[in-house]
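Engineer: My questions all concern the structure below.
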Amino acid sequence: MKLFKKKRYMVVAIILSILFLLGDAGVLFLSQKSFGRLPQGERLARIRQSPNYNGKEFVNLDSTVTMAGQRSKFQIWKEFLFGDGSDVVKVPDSMTVIRTDLKALPDDRDWLVWFGHSSYLMNLSGKKVLVDPILYSGSPVDFANKMFPGTDVYKPKDFPDIDYLVISHDHWDHLDYEAVTELEPRVGKVILGLGVGEHFEYWDYPKEKLVELDWWESSVLDSAREDSAGTRMTFEVVSTPARHFSGRDLHQNKTLWSSYILKTPKRTIWIGGDTGYGSHIAKIGAKFKDIDLAILENGQYSQDWAFIHTMPEYLGKEMQELDANRYLTVHHSRFCLSKHDYREPLENAKRAAAESGKPVLMPQMGEVLYLD
């Protein structure tokens, strides 16, 4: 029932936001800097040239509806607001997160530390890569979408300097305004989908820090270093498609949602972001034959939004089509955005590993996972 009330508050907040648009209170609420800013000027001109933009908004490669179930948005909201909550799984009393001294971890080994949901830090050939850090809040209001008790352990002060901050899309549970603004002085470059850079410029990130990519565009991040044998240490990122949507306010799909291939001197990693299953998965697997680790969305799924999140029955198929050496699943264990049990994604990962025949890494939150 406690979780049900939390979901009800979330829906109330959405409805109130719409109603507020009719008056000054709505304007004031949506004018908070944390909402970001819609693309404009040269950035908007570039967006209009994108093959993934239909003149009004970004679109997925496959035809996609956000709400896929038989019920209307009104029916879903009515259930959240007036249902008895009998089908809602309770949140855990407390989740255990290992406290790791991130600044003391070795630079000469590749490792990954996952913080729950889709937030993780990697050290790859000495470069620190931070993905979708949610360290303070995953919502525009403090009473909705709260983290599970015990999971809000890490804060920006705990992190080493970040070479590459990677943002998959601009939803609140992947882009934490307070976290990224606090981290800015210690961030080298930010990897973003097309249009998301508008938020970061609005939040006082220098434009030269932003690497803003459309699907299939690439950027060499660093090729200046050489190892002891004289081999060039090249870091390259390629933006790859995802099947999702975007938006921090009532405007949807004005910025691009993305997954990424990160090529490093030792290995290739696919950062999946938020994505439903679609034709893009096989295309990515066919194009990149050397993926060592693929990080997949697994959690917060529902038949009501079956196209924009990975449903459990497709997780093993994604693994087969990507054909990576090994997998890690994220997007679970920190929030409850859907009605499945919080432990269910872990069982999905075990089942998908058996289906695909590939190993799935299952670290505890805060645990150091060495990739060597």
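Engineer: Between R48 and K207, how high is the FRET efficiency from 1/(1 + (r/R0)^6) when r is the Cβ-Cβ distance and R₀ = 22 Å? Nearest 0.05.
Structural biologist: Between R48 and K207 the formula returns 0.70.
Engineer: Out of W172, A306, Y260, whose Cα points farthest toward the positive end of the dipole of the chain (charges: +1 Lys, Arg; -1 Asp, Glu; placed on Cβ)?
Structural biologist: Value: A306.
Engineer: With all protein chains present and a 1.4 Å probe, how do R232, R99 order by accessible area, largest first?
Structural biologist: R99, R232
Engineer: Suppose accessible area is computed on protein heavy atoms with a 1.4 Å probe; arrange M147, M122, M67 from highest to lowest.
Structural biologist: M67, M147, M122
Engineer: Which one, (i) 60, 46, 38; (ii) 66, 49, 40; (iii) 69, 46, 33, gives Cα extents along the principal axes in Å as derived from the coordinates shown?
Structural biologist: Evaluating Cα extents along the principal axes in Å on these atoms matches (ii).
Engineer: Kirkwood Rh and Cα-based Rg: tell me the resulting Rg over Rh for the stretch 290-372, rounded to two decimals.
Structural biologist: Ratio of gyration radius to Kirkwood radius for the stretch 290-372: 0.95.
Engineer: Name the residues of the stretch 262-283 whose amide N is less than 17 Å from a point 7 angstrom out from the Cα of E236 along the C-beta direction?
Structural biologist: Only 262-271 pass the distance filter.
Engineer: Grab the beta carbon distance between L250 and E226, set R0 = 45 Å, and tell me the FRET efficiency rounded to 0.05.
Structural biologist: 0.35
Engineer: Where the accessible area of the chain is counted over protein heavy atoms with a 1.4 Å probe, how much of it, in %, is carbon and sulfur?
Structural biologist: C and S atoms contribute 52 percent here.
Engineer: Continuing with the same structure: Q32 to R99: extension gain in nm, 0.36 nm per residue of separation minus the Cα-Cα distance?
Structural biologist: Result for the pair: 20.8 nm of gain on full extension.
Engineer: Something else: Where does each of 355-361, 304-310, 240-246, 335-341 land if you order them by average Cβ count within 10 Å, highest first?
Structural biologist: 240-246, 304-310, 335-341, 355-361
Engineer: If you don't mind, there's one more thing I want to ask. Dipole size in debye (nearest 20) for the chain around its Cα centre, Lys and Arg Cβ +1, Asp and Glu Cβ -1?
Structural biologist: 560 debye
Engineer: Before anything else, pin down the relative contact order of the chain: Cα pairs under 8 Å, at least 6 apart, normalised by residue count, whole percent.
Structural biologist: The normalised contact order for the chain reaches 19 percent.
Engineer: How long is the stretch 231-369 along each principal axis, judged by its Cα atoms, biggest number first, in Å?
Structural biologist: 49, 37, 30
Engineer: Return the percentage of antiparallel bridges among DSSP beta bridges fully within the chain, rounded to the nearest 5 %.
Structural biologist: Of the beta bridges lying entirely in the chain, close to 55 percent run antiparallel.
Engineer: Another question, if that's okay. Using just the helices of the chain, give the 222 nm mean residue ellipticity in deg cm²/dmol: DSSP H runs with n ≥ 4 each add -39,500 (n - 2.57), and the total is spread over all residues, rounded to 500.
Structural biologist: -7000 deg cm²/dmol
Engineer: Could I ask something else about it? Could you check the simple spin-label distance between K287 and V141, using points 7 Å along Cα→Cβ, in nm with one decimal?
Structural biologist: Output for this residue pair reads 4.0 nm.
Engineer: May I ask you to give the solvent-accessible area per residue for the stretch 86-206, in square angstrom, as obtained with a 1.4 angstrom probe?
Structural biologist: 34 Å²
Engineer: A further question on this structure: Hey, rough spin-label estimate for N325 and Y370, points 7 angstrom out along Cα→Cβ, what's it come to in nanometres?
Structural biologist: Rounded to a tenth, the inter-label distance reads 1.5 nm.
The values are calculated or read from the model by the stated rules, or taken from the named source; none is laboratory data. For clarity, every value in this text was computed on a predicted model and none was experimentally measured. Positions of Cβ are backbone-derived with ideal geometry, glycine not excepted, and every protein chain shown enters the neighbour counts. Please note that ligands, DNA and RNA were not included when accessible areas were found on the heavy atoms of the full protein model with its side chains. Shrake-Rupley method; radii C 1.70, N 1.55, O 1.52, S 1.80 Å.
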